[in-house]
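Inspection log for the structure reproduced underneath, given as C-alpha cells.
Read-outs throughout are calculated quantities, based only on the coordinates presented, and are distinct from any laboratory measurement. Every value quoted in this text rests on a predicted model; they were computed, and no experiment measured them. Glycine also receives a Cβ, built like all others from the backbone with ideal geometry; neighbour counts cover every protein chain displayed.
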Amino acid sequence: MPDWQIEHGIGESRAVRIKDGEIVEARVLLEGVARAGSVIQARLAKTGVPAVAIREEQEFLLPKGAPGVTEGAELPIEITRERIPGPEPWKRPLARIAQADTAPGHFEADELPFPAPTDSLGRAGWDNLIEETRSGVIRFSGGEIRVSPTPAMTLIDVDGTLPAGKLAMAGARAAARTIMRHDIGGSIGIDFPTVSGKARRQEIGEAVDAVLPPRFERTAVNGFGFLQIVRPRRRASLLELASDRASFEARALMRRVALETPGAKRIAAHPAVIAVLERRNEWIEVLERQIGGAVTLRSEPSLPIHAGYAENV
C-alpha cells in the first residue's frame, strides 16, 4: 500500500504522507503544470545549449541542449523541474531529452474521495499546515523557526528562549521536519544561534541528518551558526506556491467551501481573491457540482486576504 494519499481538489491536488496521525510530508500539485518526472511530446523551438522546447505555448529549458534534433522537430522530453512561481516569472521549467527507456514518472498514492463526509487531510492537520505556509512561522517547544523563500535560497532562522545549545538542537530537528513537511528543495540556509565548540556544532548537523532523509548534501555548522543544505528541487515548495498569494488563498477557499454543508452559496472574499475566481469560471462550475447549488461572488475589501468565507443563500 502506498505511503502517500492524494486528494484531487479544485485547481490543485494535495498529496500527503501521514505518520502517527500527523502530516510529515506534503506536496501541492497545481492543475495544468507538467509534473516532474512526466514525459511529454514537445517541439524544439531553439537549438544550442541551453535549448528551448515548447508544448502548448509553455516553454521548457533544456540545459544540456538537444543534440541531433533539428529546430522545429518533435521530441519527447522528461520534466526535471516544474515551473516555480515567485519573483522571477521568467524562469522556465527544466527538462531533458527522454531516452527510449525513460519510464514516465508515476506518483504512487491512495486516492481520497473529495469532498467526503470525513476530512482525512483535515484530521491530520492540513489547516495547520496551510497556516504555517501563510505565515512562514513554525513553533516548537522553547522557540520557533521563520522560513523565507528568496530567489537564491530558502532561509530558515531559528530563534527562541532556550539556552543557545539546546535551542540550536531543537531548531535543527524542527527545521529538518519543516523541509520535509513543506517540500522545500534546492539551496537551503539555516541560521542557528551561535554555539561555541566544534563538537557541539557537529552534533547540530547530525541532528539534521537524523531527521532529513537522503538525498541531500550539507555543510558543517560554521562559527557563525550557519549551515547550508542542497536538496533536489523538482517542484515549488508550499511556501513558494503561497507567494502567489491571491491564487493560493483562492484554492484554499475552494477547499473550505467544498467541505461545508451542501447548497447554494455566496462567497465573500478579498478583491484579489475574487478576481482570481472570476477568471477561473471552471473552478466555480466544479464547486457548484460538488455542493449541489449555485455559487455567486461578493468582493469585500475589508476582509484580510486569507479570511474569505461562504454564506448560505
**Request:** Calculate for the chain the 222 nm mean residue ellipticity that helices alone would give, adding -39,500 (n - 2.57) per DSSP H run of length 4 or more and normalising by residue count, nearest 500 deg cm²/dmol.
**Result:** -8000 deg cm²/dmol
**Prompt:** Based on DSSP H assignment, which helices of the chain show an axial Cα extent of at least 18 Å together with a mean Kyte-Doolittle hydropathy greater than or equal to -1.0?
**Reply:** 164-181, 198-211, 245-258
**Request:** Please state the charge dipole magnitude for the range 110-268, taken about the Cα centre, from unit charges on C-beta atoms (+1 on K and R, -1 on D and E), reported in debye and rounded to the nearest 20.
**Result:** 100
**Complete:** One point scatterer per Cα, no solvent, Debye formula: log10 I(q)/I(0) for the range 1-93 at q = 0.18, 0.24, 0.25 Å⁻¹ comes out as -0.86, -1.20, -1.26
**Request:** State to the nearest 20 debye the size of the charge dipole of the range 244-312 about its Cα centre, where the only charges are +1 on K and R beta carbons and -1 on D and E beta carbons.
**Result:** 80
**Request:** May I ask you to list the trypsin sites (Lys or Arg not before Pro) in the range 143-232 that are in a DSSP loop and have at most 13 other Cβ atoms within 10 Å of their Cβ?
**Result:** Arg215
**Request:** Using only Cα atoms, locate the centre of the range 133-171 and the centre of the range 1-78, then give the distance between them in Å, rounded to an integer.
**Result:** 31
**Complete:** Per the charge dipole of the chain (beta-carbon charges, Lys/Arg positive, Asp/Glu negative, Cα centre), the residue among Pro163, Phe60, Leu121 reaching farthest to the positive end is Pro163
**Request:** Specify which residue in the list Ala34, Pro304, Gln99 is farthest towards the positive end of the charge dipole of the chain, using unit charges on the beta carbon of Lys, Arg (+1) and Asp, Glu (-1), about the Cα centre.
**Result:** Gln99
**Item:** Extreme residue, positive dipole direction of the chain, given options Trp283, Ile190, Leu253 (C-beta unit charges)
**Value:** Ile190
**Message:** For the chain, what does the convex hull of the Cα positions come to per residue, in cubic angstrom?
**Reply:** 162
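Please report, in debye to the nearest 20, how large the charge dipole of the range 39-96 is about its Cα centre when each Lys and Arg carries +1 at its beta carbon and each Asp and Glu carries -1 there.
About 180 debye.
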**Prompt:** Rounded, prolate or oblate: which fits the range 164-235, taking a ≥ b ≥ c as square roots of the Cα gyration tensor eigenvalues, rounded meaning a/c under 1.5, else prolate when a/b beats b/c?
**Reply:** prolate
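Where does each of Thr296, Thr47, Thr161 land when they are ranked from fewest to most other beta-carbon atoms within 10 angstrom?
Details: Thr296 13, Thr47 17, Thr161 8.
Fewest-to-most Cβ neighbours within 10 Å comes out as Thr161, Thr296, Thr47.
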**Residue-span extension gain [Lys64 to Ser141] - 0.36 nm each, minus C-alpha spacing** = 23.1 nm
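Find me the longest stretch of the chain that has none of the exposed GluC sites (Glu not before Pro), where exposed means in a DSSP loop (not H, G, I, E or B) with at most 12 other Cβ atoms within 10 Å.
Maximal segment without exposed cleavage sites: 109-313.
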